[in-house]
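Here's the structure we're looking at; comments come further down.
Please treat every number below as a calculation from the coordinates, not as lab data. Just so it is clear, the structure is predicted and the values come from calculations on it, not from any experiment. Please note: Cβ atoms are built from the backbone with ideal geometry, for glycine as well, and neighbour counts cover all protein chains shown.
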Amino acid sequence: MSAQGAAPVPREPDPVTNATGAEPFSLARPSPWLRGYLLRNYPLGKLLPDTEPAYVSSVLYSMGVLTLAALIVAIISGAIIALGGVSFWHTNSFGAFMNSIHFWSVQAMFLFMAVHFITNFFTMGWRGGRGWTWVTGVIAFIVAILTSFTGFLMMTNWDSQWIGQQAKDAFNALGIGAIWNVMNAGQQFTMHVVFTTALLLFIVSVHIGLIRRRGVAPPPGAEALEVPEGEPGYPASAS
């Protein structure tokens, strides 16, 4: 019997990878085991589904993908700003426009993320073996706050200077002020563009992978609707 939430082990070999999902691990030949693991836990039918349960049509269930869309816009606009340099958004009209796009996409991301977070808390989104999905979501929320903090520090205006002045005492009290100098705009540029953003993208990728593996949690009391509409096992009363 397969673990709760995991895809059942196929009886026939996968036509692409020739894996059955039950390959044993071997240091000499790890590739068959890796193909079997991916087939068992992340089958293409779940990674790129063409049917979803009926409840995902709710507006509240769209908050996660709206958060992801806003994050993508923030990443693209941020990459353009970073290529232009630290004065790009102060001296160039296109840079100022991209800076506005970047700023408001981040505001939209946090709005959608907050609604997504609250919705999953009250609907107990960790049910059905989705504990790690919830944990990675919480970590992504915390890292997103840290990423936005480094972004505010590198705006190179009076706002960023005031934020840095207010934050430096807290960092010094934590004993990390000598390592993480919030008054150093160049260091914050590197932290924001390279480290915190890369960490956020990694955690979000893991979060999305877990969602595709476990599926979207149904509303409390409507677990029967977890079967996608039109698939075998979908309750007839819900049609």
Roughly how many whole Å is it from the C-alpha centroid of the stretch 181-226 to that of the stretch 89-134? 10 Å
The chain - charge dipole about Cα centre, Lys and Arg +1 at Cβ, Asp and Glu -1, debye rounded to 20: 440 debye
For the chain, the charge dipole (Cβ of Lys, Arg +1; Cβ of Asp, Glu -1; about the Cα centre) points to a positive end, and the Cα of Ala74, Gly175, Gly186 closest to that extreme belongs to Gly175
Any helix of the chain counts here only if DSSP assigns it H throughout, its Cα atoms span 15 Å or more along the axis, and its mean Kyte-Doolittle hydropathy is at least 1.0, and such helices are 63-84, 93-122, 131-153, 197-214
Tail beyond 17 Å, pair distance distribution of the stretch 70-123 (Cα, percent): 43 percent
Counting every C-alpha pair in the chain, the percent lying more than 23 Å apart is 61 percent
Full-stretch length increase - Ala224, Asn18 - with 0.36 nm per residue and alpha-carbon distance subtracted: 70.9 nm
Stick to Cα atoms and the Kirkwood definition of Rh, then tell me Rg/Rh for the stretch 64-197. 1.03
